[in-house]
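The values are calculated or read from the model by the stated rules, or taken from the named source; none is laboratory data. Quick caveat: nothing in here was measured; it's all calculated off a predicted structure. Using ideal geometry, Cβ is built from the backbone for each residue, glycine included, and neighbour counts are taken over all protein chains shown. Side chains are part of the model used for accessible areas, which takes the heavy atoms of the whole protein and leaves out ligands, DNA and RNA. Shrake-Rupley method; radii C 1.70, N 1.55, O 1.52, S 1.80 Å.
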Amino acid sequence: MTATADKQTEHPSITLLKDLVKRPSVTPEDAGCQDILAARLAPIGFDCETMHFGDVTNLWARRGDTGPVLCFAGHTDVVPPGAADAWDTDPFEPVTKRELLFGRGSADMKSGLAAMIVALEDFVARQPDHEGSLAVLITSDEEGRARDGTLKVIEALEKRGEHIDWCVLGEPSSQDELGDVVRIGRRGSLSGILTVHGVQGHVAYPQLADNPIGRFAPILAELHTVEWDRGNAYFPPTSFQAVEIRAGADFPNVTPGELSARFNFRYSTEWDHESLKARVRSIFDAHDIDYELDWHLSGEPFLTEPGILSDAVCRAIAEQTGRQPGLSTGGGTSDGRFISPAGADVVELGPVNASIHKVNEHVRIDDVVTLTAMYRRIMEILLT
Ligand SMILES: [Zn+2]
């Protein structure tokens, strides 16, 4: 190991990251991570408030009582490591090898948490009288059901009139190199759970039966071929995918009496869930079919139009790395879906996501140190 690499592994962000990785905070467990973070924030002037909803622990911390409010957000929970023997090292024992640090949650997203806490300490030490307020919103319910986490904290804040202006989520947004991609929004995700009712019968006497497969087939074809939209400046076109279709009477000369199916839309800001549902219903209702359709909304699409926050984030990245990040709305959903509707601008900036949720999850040690500097610069640009 080189002398510089040695120095980096002793960086406060790396020390804190190791402490967090050691905690087996498999969703929705926090495993004491938020206590570690609160114990760092309280001495630098944050009011720390633990919010329990269901079996989920959340942390809301704020320094200052004026606007604008710049919030750093993230989650302490991780996905299960899977079979431990598939890993080269213990998933909950942080191990540094060459320039990498291994462990479950090292990339998603305990390095983001460690970088933001140390960046906050650095910034407050230099600018104790900064403008506006700093805030930290941490949940342990992001990887699981996400019902008692950020969603509930935002509801509680709204109830008492607290408002976030700018939010930096430390999710692993980068693709190949730190800061090459930041997310300024996410597509919506809406699932349909369908039942088609028919009449079971003899395959040779279709006039006496009503085959739900035949009823649904032309609708499925239409759902697949309709141009939902062409996307827009920030979103790819809306996509429809059937994920499951079941029908059958378990006998070769019997037609089924019922069909069930599940499908999912990843949709752009050309729709909201109500308009998209109405469009789907209009397709079904144009056919002669007896059906029930239930919905599950995972999240509306959201977008932070390029502006003050994304400019600050891009500038911080350019200063630290020389990179001009791509602004993306790709990937799955994130807790930004709960923060954005309350009126906050939300940008996601974090380490490379290539190993997240996989065995041997890891992060580049240098990237955590650089990310810390980026977060500090974002505060300097926005609050001084
Ligand atoms: Zn995550």
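List, please: which pairs have Cβ atoms under 6 Å, are six or more places apart or on different chains, and start with a residue in the stretch 271-286 that is more than 12 Å from residue 190 (Cα to Cα) and end with one that is open to solvent by 30 Å² or more (accessible area, probe 1.4 Å) and part of a helix (DSSP H, G or I)? From residues that are more than 12 Å from residue 190 (Cα to Cα), the pairs are 283/222.
Scan (1) closer than 16 Å to residue 181 by Cα; (2) modelled with pLDDT of 95 or more; (3) of a type in the set (A, V, I, L, M, F, W, C); (4) open to solvent by 30 Å² or more (accessible area, probe 1.4 Å) for the single condition residue 347 breaks and write down its number. Here residue 347 clears every test but (4).
Residues of the stretch 212-265 that are among the hydroxyl-bearing types (Ser, Thr, Tyr), modelled with pLDDT of 95 or more and in a loop (DSSP other than H, G, I, E, B): 238 alone. Regarding residue 161, is this residue free of Cβ contacts under 8 Å to residues at least 12 places away in the same chain, away from the ligand (no atom under 16 Å from the Cβ) and over 21 Å from residue 333 (Cα atoms)? In short, yes. The set of residues in the stretch 146-167 being of a type in the set (S, T, N, Q) and part of a loop (DSSP other than H, G, I, E, B) is empty.
To keep it simple, each residue is scored yes or no on (1) of a type in the set (Phe, Trp, Tyr); (2) open to solvent by 20 Å² or more (accessible area, probe 1.4 Å); (3) not in a loop (DSSP other than H, G, I, E, B).
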residue: 31; (1), (2), (3): no, yes, no
residue: 37; (1), (2), (3): no, no, yes
residue: 59; (1), (2), (3): no, no, yes
residue: 85; (1), (2), (3): no, yes, yes
residue: 90; (1), (2), (3): no, yes, no
residue: 112; (1), (2), (3): no, no, yes
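I'd like to check something: does the stretch 333-343 contain any residue that is within 16 Å of the ligand (Cβ to nearest atom) and either of a type in the set (A, V, I, L, M, F, W, C) or surrounded by fewer than 18 Cβ atoms within 10 Å (Cβ to Cβ) (or both)? Checking the stretch 333-343: at least one residue is within 16 Å of the ligand (Cβ to nearest atom) and either of a type in the set (A, V, I, L, M, F, W, C) or surrounded by fewer than 18 Cβ atoms within 10 Å (Cβ to Cβ) (or both). Whenever a residue of the stretch 138-156 is charged (D, E, K, R) and within 11 Å of the ligand (Cβ to nearest atom), its partners that are at pLDDT 95 or above and open to solvent by 10 Å² or more (accessible area, probe 1.4 Å), lying with C-beta atoms within less than 7 angstrom and at least six residues away or across chains, give the pairs 143/27; 143/79. Annotation: of all residues in the stretch 168-184 being open to solvent by less than 10 Å² (accessible area, probe 1.4 Å) and part of a strand (DSSP E or B), the one that is nearest to residue 70 (Cα to Cα) is 168. Looking across the stretch 87-121, the residues that are under 16 Å from residue 9 (Cα atoms) and in contact with a helix residue (DSSP H, G or I) (Cβ under 6 Å, 6 or more places away or on another chain) come down to 94, 96, 99, 101, 103, 106, 110, 111, 114, 115, 118. Can you tell me which of 70, 100, 134 is more than 16 Å from the ligand (Cβ to nearest atom) and open to solvent by 10 Å² or more (accessible area, probe 1.4 Å)? After applying the criteria, what remains is 100.
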